[in-house]
There are 4 protein chains.
Amino acid sequence: MNALGVALVGHAFMGVVHSQAWRTVGRVFDLPVRPEMVVLCGRRKDAVHHAAARLGWREDSDDWKSALVRDDVHVVDICTPGDSHAEIAMSALEAGKHVLCEKPLANSVAEAVAMADAAERARQRGIRSMVGFNYRRVPALSLARTLVAQGRLGRIRHVRAQYLQDWLLDPQAPLTWRLQAERAGSGALGDLGAHLVDLAQFLLDDEITSVCGLVDTFVAERPLGAGTDRTGPVTVDDATMFTARFGGGALGTFEATRYAAGRKNGLRVEVNGSAGSLAFDFESMNELSFYDATEDAATAGFRRILATEADHPYLRAWYPPGHVLGYEHTFTHQLRDFVTAIGERTSPSPDFAAGLRVQRVLDAVQRSAADHSRWTPVGGGR
Amino acid sequence: MNALGVALVGHAFMGVVHSQAWRTVGRVFDLPVRPEMVVLCGRRKDAVHHAAARLGWREDSDDWKSALVRDDVHVVDICTPGDSHAEIAMSALEAGKHVLCEKPLANSVAEAVAMADAAERARQRGIRSMVGFNYRRVPALSLARTLVAQGRLGRIRHVRAQYLQDWLLDPQAPLTWRLQAERAGSGALGDLGAHLVDLAQFLLDDEITSVCGLVDTFVAERPLGAGTDRTGPVTVDDATMFTARFGGGALGTFEATRYAAGRKNGLRVEVNGSAGSLAFDFESMNELSFYDATEDAATAGFRRILATEADHPYLRAWYPPGHVLGYEHTFTHQLRDFVTAIGERTSPSPDFAAGLRVQRVLDAVQRSAADHSRWTPVGGGR
Amino acid sequence: MNALGVALVGHAFMGVVHSQAWRTVGRVFDLPVRPEMVVLCGRRKDAVHHAAARLGWREDSDDWKSALVRDDVHVVDICTPGDSHAEIAMSALEAGKHVLCEKPLANSVAEAVAMADAAERARQRGIRSMVGFNYRRVPALSLARTLVAQGRLGRIRHVRAQYLQDWLLDPQAPLTWRLQAERAGSGALGDLGAHLVDLAQFLLDDEITSVCGLVDTFVAERPLGAGTDRTGPVTVDDATMFTARFGGGALGTFEATRYAAGRKNGLRVEVNGSAGSLAFDFESMNELSFYDATEDAATAGFRRILATEADHPYLRAWYPPGHVLGYEHTFTHQLRDFVTAIGERTSPSPDFAAGLRVQRVLDAVQRSAADHSRWTPVGGGR
Amino acid sequence: MNALGVALVGHAFMGVVHSQAWRTVGRVFDLPVRPEMVVLCGRRKDAVHHAAARLGWREDSDDWKSALVRDDVHVVDICTPGDSHAEIAMSALEAGKHVLCEKPLANSVAEAVAMADAAERARQRGIRSMVGFNYRRVPALSLARTLVAQGRLGRIRHVRAQYLQDWLLDPQAPLTWRLQAERAGSGALGDLGAHLVDLAQFLLDDEITSVCGLVDTFVAERPLGAGTDRTGPVTVDDATMFTARFGGGALGTFEATRYAAGRKNGLRVEVNGSAGSLAFDFESMNELSFYDATEDAATAGFRRILATEADHPYLRAWYPPGHVLGYEHTFTHQLRDFVTAIGERTSPSPDFAAGLRVQRVLDAVQRSAADHSRWTPVGGGR
């Protein structure tokens, strides 16, 4: 079996999780090629060296560009903040490397357009690219998509999606890069809202065509770090709320915040259709609630499907029913699909075009917010 | 103990529930006056006669105006569709009767203004009036209000409120008065959204100052009744979504629909503050979820408070802990407070001014919806 | 429509709840006869007089025997402690009155046998009798019985039933009649366990044939009341656990306690069969969980049936879906069935023979507990 | 950092899960020694060779004894059926290898006694041993133990523990080794009940002193495999129920079954004390319910603690709050503690003596079951 050499850029939270997935994927799933963890790239020599040893990478480098010229590297996995996605991804594609890029695809629509164009050109040369919307690979949500696609919900009327966290509850929590527009692009909108938008479009297999939105920043100044009195301005949104229309007529409400006390990673989505409904909360990630409105009224009810059966997506490779999975497994599933697509020379999904579509929706939300929340069409073209 | 003679107008769903509450309230609560169920009023002689006997009213009448001239009637309880609220309420107040009026207060802001003015004039003569926002009297929600008032949630950041039903799921369900604008005023907005708006303003003790909204009608034509092929136009909204800002800075998302398959009476509200959160779903009406963010992280968690303790609002009069209450009890609690206020010569709450405030918010939602969902200030004045 | 005169004996907790049900049943359900609340009986003249006025009884009496000779009394409803059930019930039956008797039927098997014999003799004269196992009339549990009877669970393998309360958690809680064997017969066993045994036999339509059990008393002495240092011995069980075999081969585990901190009225039952399962918790009394094992593994799951649909037992007479019921409604349902049986000259269920069967099971538990928990057959005969 | 060479025996379900844990533990936790996956042992040469490559073991062998003589093997991890535990474990200890042995420790008390004796002798030579009761390492359950130890529950009154699965629901499911007494020792009792007993004793830090139990086999004959008409006898129990007394006075009810339709890995435990309660269900393994009875009645309630905070056991090494863990992580935690104990020359827990105590309880259940469920003291001594 051919080896598939991987270079990972970034070793903070996402880099750690991706490393665990790279170590695991070939041990659990049957893959057409054999991933090899060739090199971990970072900015600080010491830190990346230590991380590489800890996370299981054969080599390390403080220059991601060096990975692009190696023949034993076939994949570049990008786990850096959004402001460097475009440069790394386009360079890697140019160099003929398959690319997995963390979400959001970019910090602006312009960058995302360029990336999607580059990905399309690369695709024509057989180079694959994918955006890391990992929640699509929660088995319960993959199952949800299947149920919608099978028509089990009928015509979709409503989507309501929330991504609720509470890590900014403390006004003294420090000003990290995630709170700076020049690094992160946006706040809850791009970090959390991007997942909601992708997930909703994925579940419905439909696109948001117009939005009406609002962003807000509750705490405008934060300490620059521990042990200092100096503060700096928060330049991203703390929270966003928007409503949306889908091409097929469904209505959507969306909300993302870092101030929902007690909600830790509360990615919640509910879909109502003419024939049934679905509900999901990531904090109980192994469960999908499904209501089948075609059943007798006397026995109809939301079913708690424990998505751990062999017949559920990705589950045949894992453990017996009821032996639940966790957050990291969504990344292992993502790699399983990405590596399989590379090996089988097919296009993985979500591709950069899907990432661009999400970006366009987020952009429309920001434009609406800047214009008295007027209904704003999502930008078209590619 | 003095008698308090009651005339009830209307004997459909709300009339039935109010009757049960009138029969019960004096048997359970200590009241300063003794309610007497004097007369039930309706439009059709036969129907009202039969209903009065069934529901426990001493007399019946097909002319509500006749009740206004009776000396043994002190209270008029209005359970008719919204298009007759203004006339009945203002006539009753004029005649010196205390008035309990079902929500929404009226079908238009103009009517609601007139009603609130009449109520204020009557109040100066010692005549009481109240709007039937019964959900304020769910013990779990009364408790929620108390917790917010005590500062247990800190500064409020978010309210998300949904009222989800599914009784219009079938496109062949007939065109009742609730789907006709001239009778009902609006659809999900006035029927369900009114409860959400009142509840949110009640829980936060704050007012919505501006909104941005949307209304939609999924099924535009419906059969005029069973056994006919003729159809008529649905002239109210099937669903509404709106976002809001409160005077104190909180953000709100609201949604009301009659197309949420599987949600039967899903009035759900969640409040997030800087020190804690609350969550509630009427389908589990005896439970309040409360998160106290000031606790140790290791033992913090949403508590399921079973609001059936003697220390919970209204509960001392009922059963031992865990012997849960139901929907109808909220109406009994409403009457307990209304009758007590009359007996003690105080102003019951929510008064017509509160009903008007709700009406103004709903009106702003409709105006926003008609203007590309622009942010729209809630009309001021009284 | 003929009147059905009722005398109620006892006006503590159960008397209050039965009164509410008597006031309500004819207002909600179509009945073949018209209940009239003739007389409330108690021991203390003042107390019963006050209670009768409050609870809506026309007359009051401190001598229950006086009710038995009245022509306008057709029903005697017994809400006294267990030590007086036998005398009152047998006298009433002898006097030709229909009898509704609170559970447990009696404080001993001998009494229960005599009562069941008397009821059988009375039945032959057209006199009806019933035991107040109100939980059979929870709509979700009536539905559960139907699902089992329809074979939706297949062959039953397991029943696990718990009745968990916590009102004795405080060792300084006073020594009431419920903690004295001469009044109450037993403690958690007769008060709570009786409900479990009846419910299990009802749901399975099967009888417990042998048991193996244990009873325990955690706090042996308690204050005689508030404001006294004197204490007295607790002479009943605080908790009981027993396992059981049913005639049809199912296994059962049962537990009842007054020391389960945080469980307020936690009557929980779960049934597992070869084709499905059911689960119920009274604290969420409007919900039944149902698992259909014949469905596809990919979409099978416990359904939360909100038992508030018109198609659910007793619900057509009440409110729209999702407008939930409470504890007291189970008593209204009980009266609906009792009064209907009287009017239609049929035998209501559960009859005294069913009450006796429960008593025999409780007796076998006590005998097993006294004999090193040996397997003990449930006493036979009637 | 010194290497710690590991030999794993067995590569079925448990071997797969242990392999994933061995691959992961050093990547996530700071360990005093560095685990090396030296050799995988099995019975069939081809199968073990293929498994070793897949699971990440450097070498493979069809003779576990060969591992005992290798200097580069310091740990033997036993994942075989129970009938071989004693031989492998005692040989390994004899050879000076640290031993991790899957539960149940052995198929009989006699074997378990010998193993515990061998482990004690080895301990005196610095050789460590541990039994694989992985559920102790669910963070929510580790937290539960802490809360009990801190006195947050007060004096413990009740434990109710169930382990519910449904994989034998189909009477045509084949006769595997788990259904044969000579391989598995017992059925639900040893496979599932062993976890319950260990968990209860762990949570309470107390020992079961006497039991009263029952075992049953619902389906006595099963097909020998797919594609054959031949059947064989099931020689283990399908289900068991037992009640227990703990040394400290608590009462316990226990149930284990493979016939609870819809329950997939339903390990559930509830503990009630004089000051609070705990509840847990493995199907929602990241959640612990905790009731603090010392709080105000108005705000007391079962809290859903999402055990994913940095302050929760094992969590600091993993992901941010709300990014939930799964089944396999309990094994990673187990290795973290086992390897740390080896490196720090301390005794890991649960040791073989704890495994023996579980075995003695299971044995007492079987003896009680064979003697009309009489109360049976748990065998004493070591």
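The values are calculated or read from the model by the stated rules, or taken from the named source; none is laboratory data. What you see is a predicted model; the values in this text were computed from it and never measured. Using ideal geometry, Cβ is built from the backbone for each residue, glycine included, and neighbour counts are taken over all protein chains shown.
Conditions tested, residue by residue: (1) at positive phi; (2) among the aliphatic types (A, V, I, L, M); (3) touching a residue at least 12 places away in the same chain (Cβ under 8 Å); (4) out of contact with any Gly (no Cβ under 8 Å at 6 or more places or on another chain).
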{"position": "C:Ala226", "(1), (2), (3), (4)": "no, yes, yes, yes"}
{"position": "C:Met241", "(1), (2), (3), (4)": "no, yes, yes, no"}
{"position": "C:Gly248", "(1), (2), (3), (4)": "no, no, yes, yes"}
{"position": "C:Arg263", "(1), (2), (3), (4)": "no, no, yes, no"}
{"position": "C:Gly266", "(1), (2), (3), (4)": "no, no, yes, no"}
{"position": "C:Val269", "(1), (2), (3), (4)": "no, yes, yes, yes"}
{"position": "C:Ala279", "(1), (2), (3), (4)": "no, yes, yes, yes"}
Of B:Phe218, B:Phe242, the only residue that is within 23 Å of A:Gly276 (Cα to Cα) and modelled with pLDDT of 95 or more is B:Phe218
* To do: Restrict the check to region A:194-212 and report whether at least one residue is buried (at least 16 other Cβ atoms within 10 Å of the Cβ) and farther than 25 Å from B:Met241 by Cβ.
  => no
Of C:Ala122, C:Ala110, the only residue that is part of a helix (DSSP H, G or I) and farther than 30 Å from C:Leu179 by Cα is C:Ala122
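So that you can scan it fast, the table gives a plain yes or no per residue for (1) away from chain C (no Cβ under 14 Å); (2) in contact with a Pro (Cβ under 7 Å, 6 or more places away or on another chain):
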site	(1), (2)
B:His329	no, no
B:Thr332	no, no
B:Ile342	yes, no
B:Ser347	yes, no
B:Val358	yes, yes
Filtering region A:128-146 for residues that are within 22 Å of A:Gly82 (Cα to Cα) and outside any strand (DSSP E or B) leaves a count of 6
Heads up, the strands (runs of 3 or more DSSP E) in region C:1-107 (entirely inside) with at least 3 residues that are in contact with an Asp or Glu (Cβ under 7 Å, 6 or more places away or on another chain), over 24 Å from B:Gly322 (Cβ atoms) and at pLDDT 95 or above are C:3-9, C:34-41
Quick count over region A:117-140, residues being surrounded by fewer than 24 Cβ atoms within 10 Å (Cβ to Cβ) and of a type in the set (A, V, I, L, M), is 3
Taking region B:147-167 and keeping residues in a loop (DSSP other than H, G, I, E, B), surrounded by fewer than 22 Cβ atoms within 10 Å (Cβ to Cβ) and either out of contact with any Ser or Thr (no Cβ under 7 Å at 6 or more places or on another chain) or modelled with pLDDT under 95 (or both) leaves B:Gln150, B:Gly151, B:Arg152, B:Trp167
>> Condition check: over 21 Å from B:Phe133 (Cα atoms), part of a loop (DSSP other than H, G, I, E, B) and among the basic types (Lys, Arg). Does B:Arg374 satisfy that?
In response: yes
Of the residues in region B:1-27, those that are surrounded by fewer than 19 Cβ atoms within 10 Å (Cβ to Cβ) and farther than 16 Å from B:Thr80 by Cβ come to B:Met1, B:Asn2, B:Ala3, B:Arg27
Apart from one, (1) touching a Ser or Thr at 6+ places or on another chain (Cβ under 9 Å); (2) over 24 Å from A:Thr308 (Cα atoms) all hold for D:Ala239; the odd one out is (2)
Being within 26 Å of C:Ile208 (Cα to Cα), out of contact with any Cys (no Cβ under 6 Å at 6 or more places or on another chain) and among the aliphatic types (A, V, I, L, M), is that true of even one residue in region C:317-337? no
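A quick yes/no check of all residues on (1) within 19 Å of A:Cys79 (Cβ to Cβ); (2) basic (Lys, Arg); (3) within 13 Å of chain B (Cβ to nearest Cβ):
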position: A:Arg157; (1), (2), (3): no, yes, yes
position: A:Gln162; (1), (2), (3): no, no, yes
position: A:Asp166; (1), (2), (3): no, no, yes
position: A:Pro171; (1), (2), (3): no, no, yes
position: A:Pro174; (1), (2), (3): no, no, no
position: A:Trp177; (1), (2), (3): yes, no, no
position: A:Arg183; (1), (2), (3): yes, yes, no
position: A:Ser186; (1), (2), (3): yes, no, no
position: A:Gly190; (1), (2), (3): yes, no, no
When (1) crowded, with 22+ Cβ neighbours inside 10 Å; (2) in a loop (DSSP other than H, G, I, E, B) are applied to D:Ala173, the one that fails is (1)
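Within region B:223-237, is even one residue part of a strand (DSSP E or B) and closer than 30 Å to B:Leu325 by Cα?
Checked against the condition, which is being part of a strand (DSSP E or B) and closer than 30 Å to B:Leu325 by Cα, region B:223-237 yields no hits at all.
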Given the conditions (1) in contact (Cβ under 8 Å) with a residue 12 or more places away in the chain; (2) aliphatic (A, V, I, L, M); (3) closer than 24 Å to A:Glu255 by Cβ, every one holds for A:Ala370 apart from (1)
Practice item. Evaluate the following for C:Thr330: is it of a type in the set (S, T, N, Q), surrounded by fewer than 21 Cβ atoms within 10 Å (Cβ to Cβ) and in contact (Cβ under 8 Å) with a residue 24 or more places away in the chain? Key: no
Condition set away from chain A (no Cβ under 14 Å) and within 22 Å of D:Gly213 (Cα to Cα), scope region D:260-283, selection surrounded by the fewest Cβ atoms within 10 Å (Cβ to Cβ): answer is D:Glu270
Filtering region D:284-304 for residues that are more than 18 Å from D:Gln334 (Cα to Cα) and more than 14 Å from chain C (Cβ to nearest Cβ) leaves a count of 1
- Among the residues of region B:323-340, is any of a type in the set (A, V, I, L, M, F, W, C) and under 28 Å from B:Gly252 (Cα atoms)? yes
Those residues of region D:310-327 which are within 11 Å of chain A (Cβ to nearest Cβ) and either over 22 Å from A:Val138 (Cα atoms) or assigned to a helix (DSSP H, G or I) (or both) amount to D:Ala317, D:Tyr327
By residue number, the members of region D:116-155 that are among the hydrophobic types (A, V, I, L, M, F, W, C) and either closer than 19 Å to D:Phe331 by Cα or within 14 Å of chain C (Cβ to nearest Cβ) (or both) are D:Met130, D:Val131, D:Phe133, D:Val138, D:Ala140, D:Leu141, D:Leu143, D:Ala144, D:Leu147, D:Val148, D:Leu153
